[in-house]
1. Any residue at all in the stretch 160-169 that's over 25 Å from ASP23 (Cβ atoms), among the aromatic types (Phe, Trp, Tyr) and surrounded by 17 or more Cβ atoms within 10 Å (Cβ to Cβ)?
2. For the stretch 141-148, check the following and say yes or no: at least one residue is farther than 20 Å from TYR249 by Cα, among the aromatic types (Phe, Trp, Tyr) and either touching a residue at least 24 places away in the same chain (Cβ under 8 Å) or crowded, with 17+ Cβ neighbours inside 10 Å (or both).
3. Being modelled with pLDDT of 90 or more and either farther than 12 Å from PHE78 by Cβ or exposed (fewer than 11 other Cβ atoms within 10 Å of the Cβ) (or both) is the filter here; which residues of the stretch 20-50 pass it?
4. Give just the number: which of (1) at pLDDT 90 or above; (2) surrounded by 13 or more Cβ atoms within 10 Å (Cβ to Cβ) does GLY56 not satisfy?
5. So which residues in the stretch 238-273 are within 13 Å of the chain's Cα centre (by Cα) and surrounded by fewer than 15 Cβ atoms within 10 Å (Cβ to Cβ), if there are any at all?
6. Would you tally the residues in the stretch 178-188 being exposed (fewer than 12 other Cβ atoms within 10 Å of the Cβ) and aliphatic (A, V, I, L, M)?
7. If a residue has to be hydrophobic (A, V, I, L, M, F, W, C) and not in a helix (DSSP H, G or I) to count, how many in the stretch 54-78 make the cut?
8. I'd like the full set of residues that are closer than 21 Å to ASP23 by Cβ and assigned to a helix (DSSP H, G or I), limited to the stretch 242-275.
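The values are calculated or read from the model by the stated rules, or taken from the named source; none is laboratory data. As the structure is a computational prediction, the values presented were derived from the model and not from experiment. Note: ideal-geometry Cβ built from the backbone for every residue, glycine included; neighbour counts use all protein chains shown.
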Amino acid sequence: MEANQLSPSLAPVSEGNRLNVIDALRGVALLGILLMNIPGFSMPNYSYEVFKNDPGSVNFWVYAVISILFEGKMRAMFGMVFGAGVLLFIANKGTLGKSVHSLFYRRMFWLIIFGLIHAHLILWIGDILYLYGVCGMILYLFRNVAPKYLILGIPLVAIMDFVGGTIFYKDIRQKRLDYTDAIKAQSAQQTLTDAQTKALTVWREVEQTMIPNREDAKENTKKMKSDYATVASYLRPMAFEGQTKYLLYSLWDSLALMLLGLALFKWGFITGSWTNAQYWKVLKLGYGIGLPLVFI
C-alpha cells in the first residue's frame, strides 16, 4: 500500500461504525497496563521481597504470570495502536473541511495538558499521557512515510534509545563511584574536597528518588499515607524531572513502537486484513523467540 493511501475499509467512519479490532486491542492493552500499575497504586518500596522468591505463595505466581505475559507486552501493544490511531484520526477527520494538522496537534496539546493534570494534580507518578502527547507530535511528521522505511527507521530509534540509556546509567554509575570514593575518604578521616562533598549530596539525591534505601523506603511509605500536600511535595519533583530532565531518555522506546504501529496499520496487520495462516506464522515466530527470552 502506498504511504498516503488508506484501504477502502478504512475510509472515514461514523461513531457507530468504529474499527472494532483497534478498539479491542486498545482495551486489552489498557487492562493489561492496569495490571502492571496496580502495585504502584498501593504497594510500598521492596514490597515484592516477601514473595518474589517463594513459590509457595500465590503472590509469587501472580507476579510471575504478570511479568511473563503482561510486562512490556501491553505497553508495546498500546504504543502500536496509538501509532495506528494517527492514520485513523486522519481518515475520520479528513472530510470535515478543517485542517487535519491543526486538529491533530490540538488533540496532542490537550493530551499533554491532561498528562500534566494527571501527574501534578491527581499525583500519579506513572502518567504516560504527557509522554504520548509529545511522541504524537513527532510521530505525525512520519504519517506519509512508506511502511518499509518506517520499519527501517525503527532500529535507528532503538539505537538512540540504547545510546540514551547507556549514557543515563553510565552517569548514575559514575555518581555512585564518586560517592564511594568520598565515603572511603570520610572513613579514613581525610578532609573532603569540594568535589567529594558534592558527590555525597548528588548521590543522596539519586538514592532518594531512584534507589531508596530501607530507611528511605519507610519514610516514603509514611509520606504516601499522609495528606495531599505531603504526597504532592514528594511526587511532583519526580514527575517534573521525568517530564523535563529525563524526557529525552524516555521518548525513544515509545516512539519506536508508534512507528511500528504506523507500518503495521498500513500493511493491514493491525486491522485484521491478513490471512489466519499469516497471523499464526507471526504468533509462532514471536512466541517461539520471545517466550524463551522472557524466561531467561
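1. Taking every residue of the stretch 160-169 in turn, none turns out to be over 25 Å from ASP23 (Cβ atoms), among the aromatic types (Phe, Trp, Tyr) and surrounded by 17 or more Cβ atoms within 10 Å (Cβ to Cβ).
2. Yes.
3. ALA24
4. Going through (1) at pLDDT 90 or above; (2) surrounded by 13 or more Cβ atoms within 10 Å (Cβ to Cβ) one by one, GLY56 breaks only (2).
5. Answer for the stretch 238-273, where residues must be within 13 Å of the chain's Cα centre (by Cα) and surrounded by fewer than 15 Cβ atoms within 10 Å (Cβ to Cβ): TYR246, LEU247, LEU248.
6. Matching residues across the stretch 178-188 total 1.
7. Here the count works out to 1.
8. If the condition is that a residue be closer than 21 Å to ASP23 by Cβ and assigned to a helix (DSSP H, G or I), then SER254, LEU257, MET258, LEU260, GLY261, LEU262, ALA263, LEU264, PHE265, LYS266 are the ones that fit.
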